[in-house]
Amino acid sequence: MIKHNLSGLVLGAAAALSMTVAAADANAADLSGHVTGTSKMIQSMPLSGDRVANRMRFKITVVTDDPQNPFNLASQDCMATYVFTKDGAPQGGHGYCDGIAASGDIWWISVRLDADGVVHWKHLGGTGALDGYEAGGTTKTLAEFDDGKFIGRFEGTMTKK
């Protein structure tokens with residue numbers, strides 16, 4: 001059975017990187033593709049106001065539309081905490097991810113989950129070929145399954161500083 005809730009969204013966010021670059025920047029390149037992976041709730045905690053915080057762990061594979069992109073074919077791990085109403089309606093959340101590219105370089109991103117389920121990601125830095133980028137964008141869940149697997153689509157831009 002396919003679910004459409006928020007646990008898979010961070011995974012897609014993990015797929016990419018840093019600050020969103022204005023479209024007017026002639027050096028901005030497309031950074032888009034798909035993410036697949038698994039999510040697991042690590043802890044659920046009651047909050048004030050009949051809300052619940054769910055700490056989630058994600059294990060993701062990143063595949064960029066451009067096979068030459070330095071972020072292509074990466075493994076990504078994320079931790080995030082999402083807040084829900086007592087009825088299960090999302091209210092948002094934040095987290096972080098690191099990714100290891102096929103080249104052996106690493107990057108870090110921050111993620112923000114909005115109440116509408118859209119994940120915003122921002123590249124925080126990296127090593128080797130993944131160093132010196134400003135990048136960011138959004139991720140949306142395409143499908144999420146009862147066994148914790150998910151598929152997402154990310155869209156964004158990247159610019160080498």
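The values are calculated or read from the model by the stated rules, or taken from the named source; none is laboratory data. Only a predicted model underlies this, so the values are computations on that prediction, with no experimental measurement involved. Heads up, the Cβs are rebuilt from the backbone with ideal geometry, glycines too, and the neighbour counts pull from every protein chain shown. To get the accessible areas, we keep the full protein, side chains included, count just its heavy atoms, and leave off ligands, DNA and RNA. Shrake-Rupley method; radii C 1.70, N 1.55, O 1.52, S 1.80 Å.
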**Asked** Can you list the lysines whose alpha carbon sits under 21 Å from that of residue 122, skipping same-chain ones fewer than 8 residues off?
**Response** 59, 140, 160, 161
**Item:** Relative contact order for the range 63-161, counting Cα pairs under 8 Å that sit 6 or more residues apart, in percent
**Value:** 17
**Message:** Expected output is a single nm value to one decimal: the length gained when fully extending between residue 77 and residue 142, i.e. 0.36 nm times separation in residues minus the C-alpha distance. What is it?
**Reply:** 21.5 nm
**Asked** Considering the dipole of the range 47-125 built from charges on the beta carbon (Lys and Arg +1, Asp and Glu -1) around the Cα centre, which of 85, 108, 49 is farthest to its positive end?
**Response** 49
**Prompt:** With every protein chain left in place, what is the accessible area of residue 39 in Å² (1.4 Å probe, nearest 10)?
**Reply:** 20
**Request:** Report the extension gain between residue 153 and residue 102 in nm, rounded to one decimal, defined as 0.36 nm multiplied by the number of residues separating them, less their alpha carbon distance.
**Result:** 16.4 nm
**Asked** Which FRET efficiency value, to the nearest 0.05, is calculated for residue 87 and residue 40 with the Förster distance at 25 angstrom and r the Cβ-Cβ distance?
**Response** 0.65
**Message:** Run the paramagnetic zone check for residue 51: 7 angstrom along Cα to Cβ, then residues of the range 79-103 with backbone nitrogen under 19 Å.
**Reply:** 80-96
